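For reference, the structure is listed below as structure tokens.
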Amino acid sequence: MNHSLPLSMSFPPKGKMDAIGGIKMLEANGFDAIDFTLNTFHELYGDNWREEVTRVREALDASGIVAIAAHLPFGGPKKVDPELLHRQVVDGIEMAGILGVKRAVLHPLGDREAENTAESRKYWFEKNLEYYRTYLPLSEKAGIKLVTENMRDPSHLAGKHRYASNAEELIELADTLGLEVCWDFGHAHGAGLDHYTELCKLGHRLTMLHVNDNSAVNDDHVPPYFGTADWESAIRGLREIGYRGHFNFELKFRRLPLD
């Protein structure tokens, strides 16, 4: 490793290059590791994904880049067929196993239009217990630690609340299920949260980062200081809790030139 906190980036970016191209680019530009965005793998490789993912693993083994983590498929803002998403998550866990990944983020379930009430939070907490318990046996068999992530909550000021957008709810899930936590700085900024306060609450549970910035209006996924997030608060929080995981940039390359 070149850096005290392994420096990584989420790849492959949709429409720019495949995973092998991402490995070559990161190695050529001084990165230590890669965080695989498995959401794109079905689209890139289709039904032949097992053979292609094995090729990616071979390219990885021949490089100086470490497969440090992965992001399992998720629905996003568009409605996705639950059965299709389930198959993609199951495939994603197998992909992560082939790639040798030890940690994989799985987005918690939620609804940004849900009412900000104790009853709603209890409902989504129980839905997430069921959801994560579906995949924990598969991930354990593959030797992968499941990681939950804070979600963007742009409607919190309108009396709505997206479950798992703050540290308290992530802790509730993580401690009940034995999960680790990933902190997405862009999501937190969009939810109007103070990074320092939230990171101090998470403490030892935090093992992954999605480093990105935004305008607090759109989830832009641009580099730090290209948006309006408070990075002094963020770094102070990481230092306070003694964070020793990897430092992973999660950027939207359709908004950025590769240079």
Subset tally (residues that are among the aliphatic types (A, V, I, L, M), farther than 15 Å from residue 178 by Cα, touching a strand residue (DSSP E or B) at 6+ places or on another chain (Cβ under 9 Å) and free of Cβ contacts under 8 Å to residues at least 60 places away in the same chain) for the stretch 101-117: 1
Within the stretch 105-141, tally of residues that are touching a helix residue (DSSP H, G or I) at 6+ places or on another chain (Cβ under 6 Å) and open to solvent by 40 Å² or more (accessible area, probe 1.4 Å): 2
Search result, residues across the stretch 64-104 that are touching a Ser or Thr at 6+ places or on another chain (Cβ under 6 Å) and open to solvent by less than 30 Å² (accessible area, probe 1.4 Å): 71, 93
Test: residue 46 is out of contact with any Phe, Trp or Tyr (no Cβ under 9 Å at 6 or more places or on another chain), within 26 Å of residue 134 (Cβ to Cβ), without any contact (Cβ under 8 Å) to a residue 40 or more places away in the chain and surrounded by fewer than 17 Cβ atoms within 10 Å (Cβ to Cβ): yes
Single residue of the stretch 180-219 satisfying the filter (under 15 Å from the mean Cα position of the chain (by Cα) and among the acidic types (Asp, Glu)) that is surrounded by the most Cβ atoms within 10 Å (Cβ to Cβ): 184
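Hey, among 64, 21, 30, which residue is within 20 Å of residue 209 (Cβ to Cβ) and either part of a loop (DSSP other than H, G, I, E, B) or not hydrophobic (A, V, I, L, M, F, W, C) (or both)? Can you show your working first?
Values: 64 fails: within 20 Å of residue 209 (Cβ to Cβ); 21 fails: within 20 Å of residue 209 (Cβ to Cβ).
None of the other options fit; the residue is 30.
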Close pairs from the stretch 238-259: first in contact (Cβ under 8 Å) with a residue 60 or more places away in the chain, partner charged (D, E, K, R) and in a loop (DSSP other than H, G, I, E, B), Cβ under 6 Å, at least 6 apart: 253/16
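The values are calculated or read from the model by the stated rules, or taken from the named source; none is laboratory data. This structure is a prediction, so every number in the text was calculated from the model and none was measured. Note that each Cβ is placed from the backbone with ideal geometry, even for glycine, and that neighbours are counted across all protein chains shown. Ligands, DNA and RNA are excluded from the accessible area calculation, which covers all protein heavy atoms including side chains. Shrake-Rupley method; radii C 1.70, N 1.55, O 1.52, S 1.80 Å.
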